[in-house]
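To keep things clear, I will list the structure first and then write my remarks on it.
The values are calculated or read from the model by the stated rules, or taken from the named source; none is laboratory data. Just so it is clear, the structure is predicted and the values come from calculations on it, not from any experiment. Heads up, the Cβs are rebuilt from the backbone with ideal geometry, glycines too, and the neighbour counts pull from every protein chain shown.
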Amino acid sequence: MTYTHHGRELIPLQCEYRSLYDKKLIKDYADNGGSEEKMWASVDVTEKAMSHIKETDPEKYDCLMRELSETLYGKHYNEEMALADVAKMCYLDRNGVERHGAHWSVEDVEAATAGKKFPSGVNM
């Protein structure tokens, strides 16, 4: 399905929510010698829209931010994503009691792994 706005085709993002963004607007601006100052101003406009999405649809916001992060940094799982995912965890403890969030804090993990050696590329 193709979406249009004022005669322009809107390109869907890969996010499962299929949010729409008019890439052509930015590309045309850049191709015609747009200034870096105005490009940053467009980031400010986008930030306002993202703030609204964060308030009204946190799941969609998370999906979009992860997609943006992957676009900028590759498939790197950062601390912010890890903490958000751990906060959503649900599990049963040894006694069968349902628990939510982290069992160990970041400080607990750091203390338990202090002085241990990890393979190259492991962030601690």
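Within the range 1-51, the only residue that satisfies the criterion of being surrounded by 11 or more Cβ atoms within 10 Å (Cβ to Cβ), of a type in the set (Ser, Thr, Tyr), farther than 16 Å from Leu64 by Cα and at pLDDT below 80 is Tyr3. Looking only at the range 52-98, residues that are β-branched (Val, Ile, Thr) and surrounded by 12 or more Cβ atoms within 10 Å (Cβ to Cβ) come to 2 in all.
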